[in-house]
Each structure stands twice: as structure tokens, then as C-alpha cells.
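**Student:** For reference, the structure I am asking about is given below.
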Amino acid sequence: MNNVIQTETLSRYFGESSKEADTLVKALDKVSIEIKQGEFSAIVGPSGSGKSTLLHLIGGLDTPDEGSVLLAGTQISEMSSAELCRYRRDNIGFIFQAYNLIPVLSAAENIEYIMLLQGIDEQERRKRTIEILQQVGLSDKENRRPNQLSGGQQQRVAVARAMVSQPKIILADEPTANLDSQTGIELLTMMKKLNQEQGMTFLFSTHDPKIMERASRIIYLEDGKVVKDETR
Amino acid sequence: MYLLWKLASRNILRNTKRSILTILLISTSVIIVIFSDGFVVGMTDNMVKSATRVFSGDAQIHHPEFLQSYDPSYRFNLSGLVKSLQDEPLIAAVTARSISPAMISSSANIKSVQAIGINPDTEKHLSKIESSVIAGNYLTGDTTTEIMIGYLLAEALEVTLNDRVVLSIPALDQSDVSQDLFRVSGIFQFNTKMMDEGMVFLPLEHSLQLLGDTNSIQEVAFNFVNPKLAEDTSLQIWQKYSSNEQVAQSWTEIFPTLSTLLGMLDYTMLIVGLILYMIVALGVINSMFMSIYERTWEFGVIKAVGTTPQQIFQLIMLEGFILAIISAVIGTLLGLLVNYLVAINGIDYSQIEFVGVTIVDPVKTVIRPIQYSQLPLWVVLLTLIACLYPAIFAARLVPNKALHKSL
């Protein structure tokens with residue numbers, strides 16, 4: 001299978017190193033990984049190991065100090081801010097730890113948001129929204145605003161939002177961290193099912209053993225370096 | 001656009017208190033700008049009216065040298081002039097006047113004054129001398145002893161109605177001084193010190209006899225049907241009644257100080273507008289930045305899921321535009337209401353003298369189309385300009401930093 005994500009000697013530094021002060025932190029140090037299409041992978045490591053930084057760089061939310069990111073063969077490190085936004089819109093779905101739904105939009109509107117940006121017509125948008133709401137079990141809550149939904153329900157909407165535009169890659173940053181155990185399991189089961197049915201590539205950053213149990217590959221990070229890469 | 005419209009309108013509604021405060025700020029400025037415009041225009045009209053319609057007239061004809069020295073020997077031939085002007089369709093009233101320096105004396109005092117001979121019949125249609133009489137009567141022209149003096153002059157001369165005064169006028173040929181005895185037939189009050197203390201009015205024919213030339217005149221004053229016509233330098237009247245012997249001039253040339261001052265009112269209006277705009281701009285920028293800071297993570301989210309910097313810029317500008325339009329509508333309606341109410345009752349500045357002009361009537365605001373077209377549109381435009389910086393700031397937010405706490 002083709003590589004969907006490929007990083008080459010990807011590095012990200014914070015702080016500075018000079019004669020006066022040495023505050024340089026290598027958040028990510030020459031990380032080179034390849035993720036194939038349809039993988040359900042997890043990046044695992046202790047806090048400060050560089051998991052989120054790696055996810056940010058892969059998602060084009062941050063710019064590397066060294067190295068490059070290729071997504072489906074496209075070099076994104078050199079893209080302008082606007083080009084990156086359009087690339088993310090069409091190719092990447094994000095699921096955030098804190099759900100990060102748009103508070104002034106209802107569940108259905110949050111799901112429709114990216115499709116509106118893509119210029120998909122209303123009929124198609126509506127059809128896809130109804131389908132995905134059924135898949136995540138929220139058909140009866142489509143008109144509720146985020147503050148009228150539980151944490152688990154909000155994360156389901158976030159998953160639906162990430163998947164509805166059918167991106168090549170879904171990046172999920174600790175998606176179960178704020179959920180109770182049962183809700184987390186339900187959500188992971190749902191994502192795994194969607195992964196298997198639709199062939200989307202999932203890449204998680206997580207501490208959660210439940211995700212690790214279900215991941216087809218686990219990449220271990222420590223001090224910004226890959227220390228272990230385990231495929232199951 | 002539908003998406004941006006939906007987001008912008010809901011973002012405005014999400015913090016109603018802040019939105020109301022912003023709308024209040026912008027609409028108040030619209031009200032002040034509209035009222036200031038109505039008041040300045042009303043004040044200008046009032047001052048022009050006070051300056052021209054109280055005594056001088058919208059325009060005057062003199063000998064070209066007369067206004068430099070007020071020497072009565074600079075005179076021009078009157079024959080047929082008043083009749084010709086009266087036949088002009090644009091002219092509403094015409095009167096001829098003699099003007100000369102004079103000495104007036106009573107048993108108690110002596111004062112130098114300007115003796116003005118007027119035709120009582122034509123004068124009363126042009127100026128407010130008749131209505132300014134506070135004691136006695138307006139001139140009739142029937143007797144040769146009647147004279148009207150100002151109340152301040154009456155105090156200085158220690159005279160009252162029917163008291164005798166002597167007026168001495170130098171003859172035009174400088175050969176002699178003509179003197180005559182008058183009885184004070186009327187006392188006037190214009191509330192302009194120069195007039196109340198330094199002018200006396202007597203019948204024109206008598207005045208010309210004292211001057212020694214009944215065919216020449218120092219001044220012809222006239223009013224237009226529409227006072228605004230006096231400011232129109234392209235009118236044929238100016239050329240028609242000007243020659244080597246006489247020059248027809250609008251009040252703008254006769255009272256250059258007043259004309260300049262009124263011109264400065266436009267600048268005052270501009271400065272008031274700029275100060276208001278600065279206050280509004282700072283308020284709008286502050287409000288927009290508060291709104292942006294509050295939603296920083298949200299901008300990170302929408303940028304992460306594919307909203308372009310341009311769309312975020314448009315979103316902030318659209319929010320500013322909606323606030324500005326709502327404010328402009330509210331401000332315009334209230335501003336026009338204020339102007340309407342002040343236009344009915346007016347603000348009483350009467351009895352106040354300003355650069356030699358006494359404001360006679362209450363100042364009434366004027367409602368004109370600019371107040372519900374250009375002025376609110378300017379405020380909308382300037383509000384949008386104030387939104388530019390916050391919009392650029394939001395568009396340039398780096399998603400990683402914006403999401404730092406929440407991702």
C-alpha cells in the first residue's frame with residue numbers, strides 16, 4: 001500500500017541556545033516515519049515526548065525547523081498559510097481532545113461546516129450529515145448546540161465532522177482523554193468500524209490503553225525521538 | 001457567504017451585552033454627527049439671516065471706494081436703480097440709504113454716530129428696524145423732526161422719547177456743516193452694540209437735504225427671494241449692477257470676517273467628526289479584539305479544519321459590517337428625531353452677539369439628505385476601517401498557537 005504520511009528527519013525546537021542561556025528544547029528530533037493508507041496507528045509516549053508536536057506538524061498546524069512532511073505524496077512544509085488551510089480542508093480531519101466544536105453552530109451545522117467550505121451542494125451536504133449522524137448515533141440531537149450535549153456526544157459530533165468530508169487522513173489528539181471509560185470504548189469502536197468500512201487512515205496521539213489495544217501499529221516516542229515502532 | 005453570514009450573525013448574538021455596547025457607541029456617534037451637522041447648518045443659516053436680514057440685506061450696491069472709508073462723498077446716482085432692482089424676479093426687497101458720519105448732541109452729552117437716511121416704506125420690507133423699536137414709533141417720513149436712536153445711545157445722551165437732539169452732518173462738498181433739531185421719535189434695540197450705540201435713523205429725503213445732494217446715494221440694499229442666491233457668484237445681477245460708478249456685492253464680500261468664520265464651521269464639523277471617529281474607532285477595535293481574544297481557540301479550530309485566512313478576515317469584517325449597519329440605522333433614526341425635535345423648538349441664543357452679529361431667532365436644526373445618506377455611510381465605512389486591524393490579526397493567527405491550550 002502507498003504511504004499516506006511520510007516524515008523525513010522532522011525536527012521542531014523551542015527556546016534557544018546561546019552563550020547567555022541555553023533553553024533549547026528539542027520537542028521533535030529528526031523523526032522519520034511512514035504511515036500507510038488505512039492504518040489505525042497510535043503515537044504513544046509520556047507527556048512532553050513530542051506526540052502532539054508530531055501531530056501538529058503532520059497536520060500542517062505548525063512549521064518544522066528541519067525536515068519535511070509529505071501527505072499522499074504532497075510536500076506540505078513549503079505551502080503558504082492559505083494553501084495549507086485548503087489542503088487540510090480537503091485531506092485531513094481533526095479530532096481534538098477538548099472536542100473544539102464551534103459553539104454557535106448546532107451539531108448538524110458543525111458537521112456540515114467543512115462541506116460548506118468545500119462548496120458541496122446543500123442536498124449532498126444534508127444527505128451526508130443525516131448518514132453520519134446515524135452512524136455516530138446522534139440522529140435525534142442534530143439541532144442541539146455543543147453546550148447542550150454531553151462530552152461523549154460532543155466528541156461523536158467531532159468524529160462525524162472529521163469524517164464527513166471523507167478526508168484521506170484523520171488526526172486525533174488524545175480523543176478519549178476527557179471521556180469516561182465506557183464512552184471512550186464506544187467511540188473507539190465506532191472509529192475502528194469507520195476505518196474498516198471506509199479505509200480512512202487514523203493517527204492518534206494517546207496515553208489511553210484502550211486505543212493502544214485497538215491500534216494496528218504503535219509508534220513510541222521519547223524525548224522527541226522514535227524509540228520503538230511496533231506493527232501488529 | 002451563507003456560512004460566514006450565519007457565523008457572523010450568531011457571533012454577534014453570543015455576547016449580546018458587548019454587541020449592544022458596541023452598537024450604542026457607534027449609533028451615539030451617528031446621532032452626534034447628524035445633530036452636529038443639523039445644528040451647524042441651522043446656526044450658519046441663522047447667523048447669515050441675522051447678519052443680512054436684520055439690517056444690511058443679502059447684497060448691497062455702493063460706490064467702489066465707499067466701503068474702504070465710509071466717506072459719503074463716494075456716492076452714486078440713484079435714478080431708476082431702485083425701480084430696476086424691484087423689477088428683477090430674483091429680488092424680493094430693495095431700499096436706498098444715505099450714510100454719513102454725524103455728531104448728535106443733547107443737553108447732557110455729545111456723541112459721534114453714523115446717520116442713516118432710510119425710506120421707511122421700503123426699509124421695513126428689507127430689514128428688522130421696524131420690529132426693533134422698543135419705545136416710540138417707527139419712522140413715518142411725514143415730519144422732518146423725527147429720528148430714531150438706539151437705546152444705548154439714548155442712555156449716553158440721557159434722552160428719552162420726544163426729547164430734543166441736534167444732529168450735525170458735514171455737507172458733501174465739505175463747505176459747511178448742516179445742523180437740524182430733531183425730536184426722538186423712536187428708540188430701537190438690535191442688541192448689537194455698534195448699532196445700538198452708534199447709529200441713528202432719519203427719513204432719507206431729510207438726510208439727503210442735510211448732505212446737500214438729493215440725487216446721489218451711498219447705499220442700495222436688496223434681499224433675494226432665496227437668501228442662498230446671495231452666495232451664487234455666477235448670477236448676472238452682480239455684473240448688471242456693477243460699473244465704474246457702483247459695485248454690487250453679496251454679503252460674503254461685504255462681511256468677509258463672517259464669511260470666513262462660517263467657512264470655519266465646516267472645518268469645526270470635520271474636526272468634531274474626526275474626534276468622534278477616533279473614539280468610535282478605538283471602541284470598535286477594543287470590542288473586536290475582546291471578541292477575537294475570547295474566541296482565539298475557535299479561530300484555531302476553524303483554521304485547522306480548513307477555513308482560509310481570507311475567510312476569517314471576511315468573517316470579522318462581516319461582523320463589523322453587521323454591527324455598523326444596525327448602529328447606522330438606529331443612529332440615523334434617533335439623530336433625525338433629535339434634529340426634528342430641535343427644529344420645532346430651537347435652541348434660544350437670542351440676545352447673544354457673535355462677531356458683530358446678534359442671533360435674533362432660536363437656532364433650529366436643519367434636516368437635509370446628507371444626514372440619512374452620506375453621514376451614516378461614512379460611519380459604516382470608518383467602522384469597517386477600524387475592523388481591518390482586528391480582522392488581519394485574526395486571519396494571521398497561527399492555528400498551533402491558537403489551539404495551544406485546547407488541542
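We did not get these values from a lab; they are worked out from the coordinates using the rules stated. Because the structure is predicted, anything quoted here is derived from the model rather than measured. Backbone-built Cβ (ideal geometry, glycine too); neighbour counts: all protein chains shown.
**Student:** For chain B, calculate the relative contact order in percent as a whole number, restricting contacts to Cα pairs under 8 Å that are 6 or more residues apart. Intermediate results must be reported in sequence, preceding the final value.
**Tutor:** On the way: 717 pairs, mean separation 106.3, N = 407.
In percent, rounded to a whole number, it is 26.
**Student:** Further, regarding this structure: Looking at the stretch B:154-203, which GluC sites (Glu not before Pro) are DSSP coil and have at most 15 other C-beta atoms within 10 Å of their C-beta?
**Tutor:** Hits after loop and neighbour filter: B:Glu158.
**Student:** Quick one: angle between helix A:122-135 and the longest Cα principal axis of chain A, in degrees between 0 and 90, rounded to 10, please.
**Tutor:** 80 degrees
**Student:** Tell me which lysines have Cα within less than 22 Å of B:Lys124's Cα, excluding those fewer than 8 residues away on the same chain?
**Tutor:** Within reach: B:Lys49, B:Lys83, B:Lys193, B:Lys228.
**Student:** So if we plug the beta-carbon distance of B:Thr16 and A:Thr23 into 1/(1 + (r/R0)^6) with R0 = 41 Å, what FRET efficiency do we get, rounded to 0.05?
**Tutor:** On the way: r = 44 Å, r/R0 = 1.08.
After rounding to 0.05, the efficiency reads 0.40.
**Student:** For the stretch A:164-174, take each phi angle, set θ = phi - 60°, evaluate the Karplus expression 6.51 cos²θ - 1.76 cosθ + 1.60, and give the result in whole Hz per residue in order, putting x for glycine and proline.
**Tutor:** Running phi through 6.51 cos²θ - 1.76 cosθ + 1.60 with θ = phi - 60° gives 4, 8, 6, x, 6, 10, 10, 9, 10, 9, 6 Hz.
**Student:** Here is a further query. Assigning unit charges at the beta carbon (Lys, Arg +1; Asp, Glu -1) and nothing else, what dipole magnitude in debye, to the nearest 20, does chain A show about its Cα centre? Present the calculation step by step, with values, prior to reporting the outcome.
**Tutor:** Values: 27 positive and 32 negative charges, 127 e Å.
It works out to roughly 600 debye.
**Student:** Cross-link candidates for A:Lys210: which aspartates and glutamates have Cα within less than 15 Å, leaving aside residues fewer than 8 places away along the same chain?
**Tutor:** Hits, sequence-local ones excluded: A:Asp173, A:Glu174, A:Asp180, A:Glu186.
**Student:** Which of B:Pro101, B:Pro309, B:Pro362 moves the most in a Gaussian network model of chain B with Cα springs under 10 Å?
**Tutor:** Maximum among the listed residues: B:Pro309.
**Student:** Still on this structure, I have one more. Contour minus end-to-end for B:Gln114 and B:Ala92, with contour as 0.36 nm per residue of separation and end-to-end as the Cα-Cα distance?
**Tutor:** Details: separation 22, 0.36 × 22 = 7.92 nm, distance 2.66 nm.
The span from B:Gln114 to B:Ala92 would gain 5.3 nm if fully extended.
**Student:** List the residues, sorted by chain then number, that are 5 or more residues from B:Phe188 or on another chain and whose placed amide H is less than 5 Å from its amide H.
**Tutor:** B:Ile134, B:Ile149, B:Gly150, B:Tyr151
**Student:** Tabulate in residue order the Karplus-calculated ³J(HN,Hα) for the stretch A:206-222, using 6.51 cos²θ - 1.76 cosθ + 1.60 with θ = phi - 60°, rounded to whole Hz; enter x for Gly and Pro.
**Tutor:** Values, residue by residue: 7, 10, 6, x, 5, 5, 4, 4, 8, 6, 7, 8, 10, 9, 9, 10, 8 Hz.
**Student:** When DSSP assigns beta bridges and you keep just the ones with both residues in chain A, what percent turn out antiparallel, to the nearest 5? Walk me through the numbers on the way to the answer.
**Tutor:** Numbers: 22 of 40 bridges.
Antiparallel bridges make up about 55 percent of those DSSP assigns within chain A.
**Student:** For chain A, take the longest principal axis of its alpha carbons; what is the angle in degrees between that and the long axis of helix A:81-91, to the nearest 10 within 0 to 90?
**Tutor:** 60 degrees
**Student:** What aspartates and glutamates could a cross-link reach from A:Lys193, if we take a straight Cα to Cα line under 16 Å and drop same-chain neighbours fewer than 8 places away?
**Tutor:** Here the aspartates and glutamates satisfying the reach criterion relative to A:Lys193 are A:Glu39, A:Glu131, A:Glu213.
**Student:** Follow-up. Round to the nearest 0.05 the FRET efficiency obtained for B:Asp232 and B:Lys6 when R0 = 51 Å and r is the Cβ-Cβ distance. Provide the component values of the computation, followed by the final result.
**Tutor:** Values: r = 53 Å, r/R0 = 1.05.
About 0.45, to the nearest 0.05.
**Student:** Top mean-square fluctuation among B:Val357, B:Val247, B:Val40, Gaussian network model of chain B, C-alpha springs under 10 Å?
**Tutor:** Answer for the Gaussian network model of chain B: B:Val247.
**Student:** Same structure, new question: Give the residue from B:Leu211, B:Gln374, B:Leu261 lying farthest towards the positive end of the charge dipole for the protein assembly as shown; charges sit on Cβ (+1 for Lys and Arg, -1 for Asp and Glu) and the dipole is referred to the Cα centre.
**Tutor:** The listed residue farthest towards the positive side: B:Gln374.
**Student:** Now a separate question. What average number of partner chain Cβ atoms lie no more than 10 Å from the Cβ of the residues making up A:73-86?
**Tutor:** Details: counts 0, 0, 0, 0, 0, 0, 0, 1, 9, 5, 1, 6, 12, 3.
Averaged over the peptide's residues, the number is 3.
**Student:** Using 7 Å Cα-to-Cβ label points, what is the A:Glu230/A:Ala82 separation (nm, one decimal)?
**Tutor:** Distance between label points: 4.7 nm.
**Student:** Follow-up question, since we're still on this one. Just tell me how shielded A:51-64 is by partners: mean number of partner chain Cβ atoms within 10 Å of each residue's Cβ, no decimals. Mind showing how you got there, number by number?
**Tutor:** Details: counts 0, 4, 1, 0, 1, 6, 1, 0, 4, 3, 10, 5, 2, 0.
What the average comes to for A:51-64 is 3.
**Student:** Where does the protein assembly as shown land at 222 nm, in deg cm²/dmol rounded to the nearest 500, when only DSSP H runs of n ≥ 4 count, each adding -39500 (n - 2.57), divided by all residues? Write down the numbers at each step before the final one.
**Tutor:** Details: 22 runs with 290 residues, N = 639.
That comes out to -14500 deg cm²/dmol.
**Student:** Which ³J(HN,Hα) values in Hz, rounded to whole numbers, follow from the phi angles of the stretch B:75-92 under the Karplus curve 6.51 cos²θ - 1.76 cosθ + 1.60, where θ = phi - 60° and Gly and Pro get x?
**Tutor:** 10, 9, 6, 8, 3, x, 5, 4, 5, 4, 5, 4, 7, 5, x, 7, 9, 9
**Student:** Fewest first, what order do A:His207, B:His63, B:His125 take by the number of other Cβ atoms within 10 Å? Provide the component values of the computation, followed by the final result.
**Tutor:** Working: A:His207 15, B:His63 21, B:His125 12.
Going from sparsest to densest Cβ surroundings: B:His125, A:His207, B:His63.
**Student:** Taking Cα atoms, how many degrees apart are the long axis of helix A:181-198 and the longest axis of chain A, rounded to 10 and kept between 0 and 90?
**Tutor:** Approximately 90 degrees, to the nearest 10.
**Student:** Here's a follow-up. So which DSSP H runs in chain B come out at 27 Å plus along the axis (Cα) with average Kyte-Doolittle of at least 1.0?
**Tutor:** Counting only whole DSSP H runs, the qualifying helices are B:16-51, B:256-294, B:309-345, B:374-395.
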